[in-house]
Amino acid sequence: MLDHPYRTPVLVLSLLTLQAVLPPVTPALASPAAENASLTISFTGLGRPGGYIMAGVFDSEAAFNGDRPVQGVRIPVTGPKVSQTVTGLKPGRYAIKAYHDVNGDSRMNTNPFGLPTEPYAASRNAPSRMGPPAWADAVFQVAAGDNAQTIAID
């Protein structure tokens, strides 16, 4: 049957048309990796009540280094520990950068030399060596379902 000169091109064209019309994955066939994840971020060691924790959740090294979070949070600081849950994340690798906006002006204050005057931290309590923490030190895995990350700040 495939010896007809037009049959193979017509079959290929039909498959391409069908592929263009159908969604790439139907919900019934979706893989578990397509499930959403949530991440509860807790900040501990807050020595000064008041202000806000300003944090960004980053899904790549480029986003982390370019300050382009996939989600951001602003948590009022009412005690030595605060937390908030971020929802709608896809399973994968993430990192968090945060600072304690002690005076509530919605920006990281610095001294005349550009060094932060407000406490800051990153996921996995990544160290900061002569600059912001590195992605490799801050990155962690988020799986489908509930996840948690605790960060000491202050």
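The values are calculated or read from the model by the stated rules, or taken from the named source; none is laboratory data. Here the structure is a predicted model, which is why all the values come from computation and not from measurement. Positions of Cβ are backbone-derived with ideal geometry, glycine not excepted, and every protein chain shown enters the neighbour counts. Surface areas here come from the heavy atoms of the whole protein model, side chains and all, with no ligands, DNA or RNA. Shrake-Rupley method; radii C 1.70, N 1.55, O 1.52, S 1.80 Å.
A few remarks follow.
- Count of the stretch 89-144 residues, restricted to those that are among the aromatic types (F, W, Y) and in contact (Cβ under 8 Å) with a residue 40 or more places away in the chain, is 4.
- Residues of the stretch 27-65 that are modelled with pLDDT under 60, open to solvent by 60 Å² or more (accessible area, probe 1.4 Å) and assigned to a loop (DSSP other than H, G, I, E, B): S31 alone.
- Q149, sole failed condition from (1) open to solvent by 50 Å² or more (accessible area, probe 1.4 Å); (2) in a strand (DSSP E or B): (1)
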